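The values are calculated or read from the model by the stated rules, or taken from the named source; none is laboratory data. For clarity, every value in this text was computed on a predicted model and none was experimentally measured. Note that each Cβ is placed from the backbone with ideal geometry, even for glycine, and that neighbours are counted across all protein chains shown. Only protein heavy atoms, including side chains, enter the accessible area calculation; ligands, DNA and RNA are left aside. Shrake-Rupley method; radii C 1.70, N 1.55, O 1.52, S 1.80 Å.
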Amino acid sequence: MPSVSPRSSKLAALERRALARRAFVNSLPVLMGYLTMGFAAGVLLAVKALVPYAPLWSAILAFSAISGTLSFAIVPAIAASDPFYSIAVLTFAVNFRYAFYGFSMLGRWRGLPLLQKWFLVHSLADEIYALDVACKIPDPRKNRYYCLWNHALCAAYWVVGSTAGALAGAAPPLFLFHIFFQFLFLLHLISKL
(Lines give C-alpha, C1' and ligand atoms only; values in the text may rest on other atoms or scores of the structure.)
Protein backbone atom coordinates (compact mmCIF):
# COMPACT_ATOMS: atom_id res chain seq x y z
CA MET A 1 0.00 0.00 0.00
CA PRO A 2 1.55 3.34 -1.01
CA SER A 3 2.11 5.83 1.77
CA VAL A 4 0.38 9.16 1.49
CA SER A 5 2.30 12.17 2.66
CA PRO A 6 0.35 14.77 4.69
CA ARG A 7 0.95 17.40 2.00
CA SER A 8 -0.56 15.32 -0.81
CA SER A 9 -3.75 14.64 1.16
CA LYS A 10 -4.56 18.34 1.47
CA LEU A 11 -5.89 20.54 -1.28
CA ALA A 12 -3.50 23.07 -2.73
CA ALA A 13 -4.27 26.75 -2.22
CA LEU A 14 -5.03 27.26 -5.92
CA GLU A 15 -7.45 24.35 -5.94
CA ARG A 16 -9.21 25.70 -2.84
CA ARG A 17 -9.51 29.15 -4.41
CA ALA A 18 -10.85 27.69 -7.66
CA LEU A 19 -13.44 25.62 -5.77
CA ALA A 20 -14.52 28.64 -3.70
CA ARG A 21 -14.85 30.69 -6.89
CA ARG A 22 -16.86 27.93 -8.53
CA ALA A 23 -19.17 27.73 -5.50
CA PHE A 24 -19.65 31.50 -5.59
CA VAL A 25 -20.44 31.61 -9.30
CA ASN A 26 -22.81 28.64 -9.03
CA SER A 27 -24.59 30.23 -6.07
CA LEU A 28 -25.25 33.61 -7.74
CA PRO A 29 -28.87 32.71 -8.62
CA VAL A 30 -29.39 31.71 -4.98
CA LEU A 31 -27.88 35.06 -3.95
CA MET A 32 -30.56 36.91 -5.90
CA GLY A 33 -33.38 34.86 -4.42
CA TYR A 34 -32.08 34.73 -0.85
CA LEU A 35 -31.39 38.45 -0.63
CA THR A 36 -34.87 39.40 -1.82
CA MET A 37 -36.77 36.70 0.10
CA GLY A 38 -34.60 37.22 3.17
CA PHE A 39 -35.25 40.96 2.94
CA ALA A 40 -39.00 40.34 2.84
CA ALA A 41 -38.80 37.92 5.78
CA GLY A 42 -36.79 40.45 7.78
CA VAL A 43 -39.25 43.26 7.09
CA LEU A 44 -42.13 40.99 8.07
CA LEU A 45 -40.42 40.04 11.33
CA ALA A 46 -39.68 43.66 12.20
CA VAL A 47 -43.14 44.97 11.32
CA LYS A 48 -45.48 42.15 12.43
CA ALA A 49 -43.68 40.33 15.24
CA LEU A 50 -42.88 43.54 17.12
CA VAL A 51 -39.81 42.09 18.79
CA PRO A 52 -37.21 44.40 20.32
CA TYR A 53 -33.91 44.46 18.44
CA ALA A 54 -35.56 43.02 15.33
CA PRO A 55 -32.32 42.96 13.25
CA LEU A 56 -30.57 40.87 15.90
CA TRP A 57 -33.49 38.44 16.19
CA SER A 58 -33.78 38.29 12.43
CA ALA A 59 -30.10 37.36 12.09
CA ILE A 60 -30.42 34.69 14.80
CA LEU A 61 -33.57 33.25 13.23
CA ALA A 62 -32.04 33.35 9.73
CA PHE A 63 -28.94 31.44 10.81
CA SER A 64 -30.75 28.96 13.02
CA ALA A 65 -33.37 28.19 10.33
CA ILE A 66 -32.15 28.66 6.77
CA SER A 67 -35.64 28.14 5.46
CA GLY A 68 -37.78 30.72 3.73
CA THR A 69 -40.95 28.85 4.55
CA LEU A 70 -40.17 28.77 8.25
CA SER A 71 -39.05 32.40 8.31
CA PHE A 72 -42.45 33.47 7.04
CA ALA A 73 -44.49 30.90 9.00
CA ILE A 74 -42.87 31.62 12.35
CA VAL A 75 -43.70 35.35 12.43
CA PRO A 76 -47.40 34.93 13.34
CA ALA A 77 -46.40 32.44 16.05
CA ILE A 78 -43.92 34.93 17.51
CA ALA A 79 -46.44 37.79 17.24
CA ALA A 80 -49.08 35.72 19.06
CA SER A 81 -46.55 34.81 21.77
CA ASP A 82 -47.11 31.12 21.16
CA PRO A 83 -45.39 28.78 23.63
CA PHE A 84 -41.98 27.38 22.80
CA TYR A 85 -43.27 23.84 22.19
CA SER A 86 -45.71 25.15 19.59
CA ILE A 87 -42.92 26.92 17.72
CA ALA A 88 -40.74 23.80 18.01
CA VAL A 89 -43.49 21.63 16.48
CA LEU A 90 -43.96 24.18 13.68
CA THR A 91 -40.21 24.19 13.00
CA PHE A 92 -40.08 20.39 12.94
CA ALA A 93 -43.10 20.11 10.64
CA VAL A 94 -41.84 22.69 8.16
CA ASN A 95 -38.23 21.47 8.05
CA PHE A 96 -38.83 17.71 8.17
CA ARG A 97 -38.17 17.29 4.45
CA TYR A 98 -34.60 18.56 4.88
CA ALA A 99 -33.78 15.45 6.91
CA PHE A 100 -34.19 13.35 3.77
CA TYR A 101 -31.91 15.71 1.88
CA GLY A 102 -29.31 15.27 4.61
CA PHE A 103 -29.58 11.47 4.61
CA SER A 104 -29.03 11.36 0.86
CA MET A 105 -25.88 13.48 1.15
CA LEU A 106 -24.21 11.72 4.09
CA GLY A 107 -22.36 9.30 1.80
CA ARG A 108 -20.89 12.20 -0.14
CA TRP A 109 -19.82 13.92 3.08
CA ARG A 110 -18.23 10.85 4.64
CA GLY A 111 -14.93 11.62 6.33
CA LEU A 112 -15.74 15.19 7.33
CA PRO A 113 -15.31 16.32 10.93
CA LEU A 114 -18.55 16.26 12.94
CA LEU A 115 -18.89 20.07 13.16
CA GLN A 116 -18.57 20.48 9.39
CA LYS A 117 -21.03 17.65 8.77
CA TRP A 118 -23.48 19.23 11.23
CA PHE A 119 -23.21 22.58 9.42
CA LEU A 120 -23.77 20.97 6.03
CA VAL A 121 -26.88 19.13 7.23
CA HIS A 122 -28.15 22.15 9.21
CA SER A 123 -27.83 24.56 6.31
CA LEU A 124 -29.53 22.37 3.71
CA ALA A 125 -32.36 24.00 1.82
CA ASP A 126 -33.94 23.23 -1.53
CA GLU A 127 -31.65 25.48 -3.56
CA ILE A 128 -28.49 24.48 -1.72
CA TYR A 129 -29.31 20.80 -2.13
CA ALA A 130 -29.85 21.31 -5.86
CA LEU A 131 -26.42 22.95 -6.20
CA ASP A 132 -24.78 20.15 -4.19
CA VAL A 133 -26.36 17.43 -6.29
CA ALA A 134 -25.55 19.23 -9.55
CA CYS A 135 -21.86 19.41 -8.59
CA LYS A 136 -20.13 16.58 -10.41
CA ILE A 137 -16.61 16.91 -9.01
CA PRO A 138 -15.29 13.33 -8.94
CA ASP A 139 -12.67 13.89 -6.21
CA PRO A 140 -14.48 13.48 -2.86
CA ARG A 141 -12.21 15.95 -1.04
CA LYS A 142 -12.82 18.65 -3.63
CA ASN A 143 -16.53 17.91 -3.63
CA ARG A 144 -16.73 18.30 0.15
CA TYR A 145 -14.78 21.55 0.00
CA TYR A 146 -17.12 22.86 -2.72
CA CYS A 147 -20.15 21.90 -0.62
CA LEU A 148 -18.76 23.68 2.44
CA TRP A 149 -18.26 26.87 0.43
CA ASN A 150 -21.65 26.53 -1.21
CA HIS A 151 -23.42 26.16 2.14
CA ALA A 152 -21.44 28.94 3.82
CA LEU A 153 -22.14 31.40 0.99
CA CYS A 154 -25.84 30.58 0.76
CA ALA A 155 -26.27 30.80 4.54
CA ALA A 156 -24.53 34.18 4.49
CA TYR A 157 -26.84 35.40 1.71
CA TRP A 158 -29.90 34.44 3.75
CA VAL A 159 -28.61 36.01 6.98
CA VAL A 160 -27.57 39.26 5.23
CA GLY A 161 -30.88 39.55 3.37
CA SER A 162 -32.95 38.86 6.47
CA THR A 163 -30.96 41.23 8.66
CA ALA A 164 -31.10 44.00 6.04
CA GLY A 165 -34.86 43.52 5.80
CA ALA A 166 -35.25 43.75 9.56
CA LEU A 167 -33.14 46.92 9.59
CA ALA A 168 -35.34 48.41 6.89
CA GLY A 169 -38.52 47.25 8.63
CA ALA A 170 -37.44 48.81 11.91
CA ALA A 171 -36.39 52.06 10.24
CA PRO A 172 -38.59 55.13 9.97
CA PRO A 173 -40.75 55.28 6.79
CA LEU A 174 -38.68 58.13 5.28
CA PHE A 175 -35.66 55.82 5.17
CA LEU A 176 -37.73 53.20 3.32
CA PHE A 177 -38.84 55.82 0.80
CA HIS A 178 -35.18 56.65 0.12
CA ILE A 179 -34.26 52.96 -0.29
CA PHE A 180 -37.18 52.45 -2.68
CA PHE A 181 -35.93 55.17 -5.04
CA GLN A 182 -32.37 53.90 -4.89
CA PHE A 183 -33.61 50.43 -5.77
CA LEU A 184 -35.70 51.87 -8.61
CA PHE A 185 -32.65 53.71 -9.95
CA LEU A 186 -30.58 50.53 -9.71
CA LEU A 187 -33.19 48.56 -11.67
CA HIS A 188 -33.30 51.28 -14.31
CA LEU A 189 -29.52 51.27 -14.58
CA ILE A 190 -29.40 47.47 -14.92
CA SER A 191 -32.11 47.51 -17.59
CA LYS A 192 -29.96 49.85 -19.70
CA LEU A 193 -27.00 47.46 -19.70
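What to note about this one:
- Accessible surface of segment 121-189, 1.4 Å probe, proportion on carbon and sulfur as whole %: 80 percent
- Over all Cα atoms in segment 1-90, the spread is summed up by Rg and Dmax: 20.2, 64 Å.
- Counting every C-alpha pair in the chain, the share spaced more than 19 angstrom apart comes to 65%.
- Taken over the Cα atoms of segment 44-88, the convex hull encloses 68 Å³ per residue.
- Whole-percent carbon and sulfur share, accessible surface of segment 1-114, 1.4 Å: 72 percent
- Longest to shortest principal axis, alpha-carbon extents of segment 98-193, angstrom: 52, 33, 20
- Debye-sum result for segment 79-121 in log10 I(q)/I(0), which assumes one identical scatterer on each alpha carbon, at q = 0.18, 0.25, 0.29 Å⁻¹: -0.64, -0.84, -0.96
- Å² of accessible area per residue within the chain, as computed with a 1.4 Å probe and no ligands counted: 61 Å²
- When every Cα-Cα distance of segment 22-64 is counted in 5 angstrom steps from zero, the calculated P(r) takes the values 5, 23, 24, 19, 13, 10, 5, 2 percent.
- Counting all C-alpha pairs of segment 106-155, share separated by more than 12 Å (%): 59 percent
- Fraction of alpha-carbon pairs over 16 Å apart in segment 54-142 - percent: 60 percent
- Using the Cβ-Cβ distance between Gln182 and Ala73 with R0 = 35 Å, the FRET efficiency computed as 1/(1 + (r/R0)^6) comes to roughly 0.70.
- Listed values for segment 50-56 are Karplus-derived 3J(HN,Hα) couplings in whole Hz (6.51 cos²θ - 1.76 cosθ + 1.60, θ = phi - 60°), namely 6, 8, x, 6, 3, x, 5, and x replaces Gly and Pro.
- Of the peptides 31-40, 11-20, 76-85, 148-157, the ranking by mean beta-carbon count within 10 Å, highest at the top, reads 148-157, 31-40, 11-20, 76-85.
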